[in-house]
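Working notes, beginning with the structure itself.
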Amino acid sequence: MMQARGRRQGAVWFVVMALLSGAAAAGAATTTVIYPQAGSTLDSRYEYDWEVLRTALQKTQARFGPFTLRQASGNMSPARVSEELLAPNGRVNVLVRATSNQLEQQFLPIRIPVERGLLGYRVFLVRAADLPRFAAVRTIDDLRKLRAGQGKDWADIPILTAAGVPVVEGTSYEGLFPMLKAGRFDFFSRSADEALREHDERHASVPELAVEPTLLLHYALPRYFFVRRDAEGRHLATRIEAGLETMIRDGSLNALFYRYKGPMIERAGLHNRRVLHIPNPNLPPLTPLARRELWYDPLSGK
């Protein structure tokens, strides 16, 4: 009888705490989250990221209360987005970007790779006429004879440069495609899902564009959500991290990953490619490499 009474008391206590938690969440202020616009109407790179963020916020409503998620007004360059996030009353309060030591010092990172590290698996956009040159690449030494194209100040640049691969920087994301067409560089290094999507989106305007089918360049390069290093930012980071951890446990992060990335990964045939590994000398020391559940392995498909 004492055990039964104890179980009843425990159940009552659980219900009371749940009601109190729900009441507290109901009375909580609305969390407003503002993210930057895409670079152009053709730029679909970030649709997955903001859907992940929306889901993480939804998963935490019982604990943290309601939220609004919206896009900032006005197009901004990556440098301008960083300036806005640094400003106390800037137009955005979250961004998603490949991590670096500098970024983790400037902003507060949520160290869960949004796209499970897929950004570090690189497929090349090239000129179709150059496909035989890339088919002959077997080693990093071979790759060093070719010039990579990257956007100004992208996190990939010091990685490629440290590996001895020459890099040509473009001033804008959209400008890199005509630069490739004009022969300013030999390959545009993209994540495995980006390359095929960008080819599909731009093939009509740049018919010379081709997806190189034999190589897969790899280095560790997670993309994180970043927020301001202030009280509001710390609260938002706590909420986003809690939501992402819930998504990892209940499988919804994987489900979104495969919904958005799966078809392109399948089309890219990553498991059939020659993999060239290079180190990331600027990888921050707190990168959660030991948490294998956070990382995608295209060679195993998991």
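Each value in this text was obtained by applying a stated rule to the coordinates, not by laboratory testing. Please read these numbers as outputs of a predicted model, since none were measured by experiment. Methodologically, a virtual Cβ is constructed for each residue, glycine included, from the backbone with ideal geometry; neighbour enumeration extends over all protein chains shown.
Before moving on, here are some points about what is shown:
- Kirkwood estimate for the chain, i.e. one over the average of 1/r between Cα atoms, Å: 21.0 Å
- Evaluated at q = 0.14, 0.20, 0.26 Å⁻¹: base-10 log I(q)/I(0), Debye formula over Cα of region 196-267: -0.74, -1.00, -1.19
- Added length on full extension, which subtracts the Cα-Cα distance from 0.36 nm per residue, Lys145 to Ala29: 36.1 nm
- Summarising the amide proton neighbourhood of Ala72: residues at separation of 5 or more, or on other chains, whose placed amide H is nearer than 5 Å comprise Tyr35, Gln37.
- Segment Asp153-Thr68, length gained on full extension (0.36 nm per residue, minus Cα span): 27.5 nm
- Measuring r between the beta carbons of Ala255 and Leu286 and using R0 = 35 Å, the FRET efficiency lands at 0.80.
- Kyte-Doolittle mean at least 0.5 and Cα axial length at least 27 Å: DSSP H helices in the chain: 2-26
- Stokes-Einstein diffusion of region 118-218 at 25 °C, 0.890 mPa s viscosity, Kirkwood radius from Cα pairs, rounded to a whole number: 183 µm²/s.
- In this structure, the amide hydrogen of Val168, modeled 1.01 Å from its nitrogen in the peptide plane, lies closer than 5 angstrom to those of Ala148, Gly149, Gln150, counting only residues at least 5 positions away or on a different chain.
- Relative contact order computed over the chain (Cα-Cα under 8 Å; 6+ residues apart), in percent: 25 percent
- Taking each DSSP H run with n ≥ 4 as -39500 (n - 2.57) and averaging over every residue of the chain yields -12500 deg cm²/dmol at 222 nm.
- Sorted by Cβ density within 10 Å, fewest first, the residues Val167, Val96: Val167, Val96
- Flagged links, alpha-carbon separation over 28 Å, of Lys152/Lys302; Lys59/Lys152; Lys145/Lys302; Lys59/Lys261: Lys152/Lys302; Lys59/Lys152; Lys145/Lys302
- Simple spin-label estimate for Arg234 and Gln106 gives 2.2 nm between the two label positions (7 Å along the Cα-to-Cβ direction from each Cα).
- Ellipsoid semi-axes for region 177-237, based on the Cα gyration tensor and the rule √(5λ), read 34, 15, 11 Å when sorted largest first.
- Debye, to nearest 20: dipole size of the chain, +1 on Lys, Arg Cβ, -1 on Asp, Glu Cβ: 860 debye
- Calculated over region 83-133: convex hull of Cα atoms, volume per residue (Å³): 139 Å³
- Highest-MSF residue in the chain out of Ser191, Ser77, Ser205 [GNM, Cα springs under 10 Å]: Ser205
- Length-normalised contact order for region 118-218 - Cα pairs under 8 Å, 6+ apart - percent: 47 percent
- Viscosity 0.890 mPa s, 25 °C: Kirkwood-radius Stokes-Einstein D of region 169-302 over Cα pairs, µm²/s: 139 µm²/s
- Three-way shape call for region 132-184 based on the alpha-carbon gyration tensor, with the a/c threshold at 1.5: oblate
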